[in-house]
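Quick notes on the structure that follows.
The values are calculated or read from the model by the stated rules, or taken from the named source; none is laboratory data. Being a predicted model, the structure only gives us computed values, none of them experimental. Don't worry about glycine lacking a Cβ; one is built from the backbone with ideal geometry, like all the others, and counts go over all protein chains shown.
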Amino acid sequence: MRLILLFVLLPFSLLLGCASQQPAPVSDRSGAVPVVEVPPGHYAVKKGDTLYRIALDHGVDYKDVITWNRIENANRIETGQVLRVTPPEGAAVAKPVTGMAPVEVRPVAAPSSSPPSSPVPTPVAGGNSATYKREPKGGKLPYSEEALARLREAEGGPVTTVAAAPVETTKPAEKPTEKPAAPVPAPAADSVDWAWPAPGKVLAGYSDSGGPTNKGIDIGGKAGEPVHAAAKGVVRYVGEGLRGFGKLVVVHHNPTYLSVYAHNSKILVKEGQPVTKGQKIAEIGSSDTDQTKLHFEIRRLGKPVDPAQYLPPR
């Protein structure tokens, strides 16, 4: 009887045991990654990026990127990591200010900076002369013969006639028109005297839409033929850290433009070395490509542009 009861009750006990177990919690394995906001002047690392490529795409020196982000190992950056790719605000503002040529500034501290703007080179004896010269320009005191006489006496010269007054009064009117020309060094700095880096035939032109893209031009040639700097500048990168470029040279010409020379067989310059237009910097090769050629790029503010629009006709 006990055996019979055992066989009868066993199925019911199994059913009760299964019913008492709670279902396992379901975890979200969708793999969704929270969106990271990238502030201006920064870049979020993507899969396949290298530090050298990021710096090249943003037109900056990879060593600066290392410094700005305090990177200990340039070969170890992680996907999703946010890197600064523009100079800190303090460093960015300092250079344009020091390059300003005019000394006459509108702030109150004009008298201290006035001596360089004085048209008379000899007077050393007196900040007073600079002060009186500044007063008609700054508008603090109206022009008068007495002020002019004191100015001439401080400079050790004779008192001039009133005819000199228009000369002094016209300069302040012309100065403001020249002040806007002070930032004009930017266009002058942007202008680069370009030349062809190699004499060979163009194998492939620039293309940024439709079909395969080419961020520069490919110039044919034989292995060992010279590669010349397209313009004067400073070598900012030498090496093979960028996939698809082989032995690479990057030359910075000014804060706006840089040039890229890829697939070389031999590099003849070092980082930090100044180069002149037409200087031999490498030799044509086939590193990291299936054809002997020079891949040449011009980048404006880090973005590729068509070199044919900058190189002279030939």
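Residues considered: Asp208, Asp193, Asp290. Of these, the only one that is surrounded by fewer than 17 Cβ atoms within 10 Å (Cβ to Cβ), touching a residue at least 40 places away in the same chain (Cβ under 8 Å) and more than 30 Å from Ile66 (Cβ to Cβ) is Asp193.
For the criterion of being over 19 Å from the mean Cα position of the chain (by Cα) and not in a helix (DSSP H, G or I), Leu242 fails. Of the candidates Lys293, Lys303, the single residue that is farther than 17 Å from Ala229 by Cβ and under 19 Å from the mean Cα position of the chain (by Cα) is Lys303. Just to check your reading of the model, which residue among Glu297, Glu271 is acidic (Asp, Glu) and not in a loop (DSSP other than H, G, I, E, B)? After ruling out the rest, the residue left standing is Glu297.
Comparison of Pro255, Pro304 shows that the only residue that is assigned to a loop (DSSP other than H, G, I, E, B) and under 26 Å from Thr86 (Cβ atoms) is Pro255. Across segment 211-251, the number of residues qualifying as small (Gly, Ala, Ser), closer than 23 Å to Val60 by Cα and touching a residue at least 60 places away in the same chain (Cβ under 8 Å) comes to 4. Touching a residue at least 24 places away in the same chain (Cβ under 8 Å), surrounded by fewer than 21 Cβ atoms within 10 Å (Cβ to Cβ) and not assigned by TED's automatic domain parsing to the domain that holds His58: does that describe Asn264? Considered against the rule, which asks whether it is touching a residue at least 24 places away in the same chain (Cβ under 8 Å), surrounded by fewer than 21 Cβ atoms within 10 Å (Cβ to Cβ) and not assigned by TED's automatic domain parsing to the domain that holds His58, Asn264 comes out as no.
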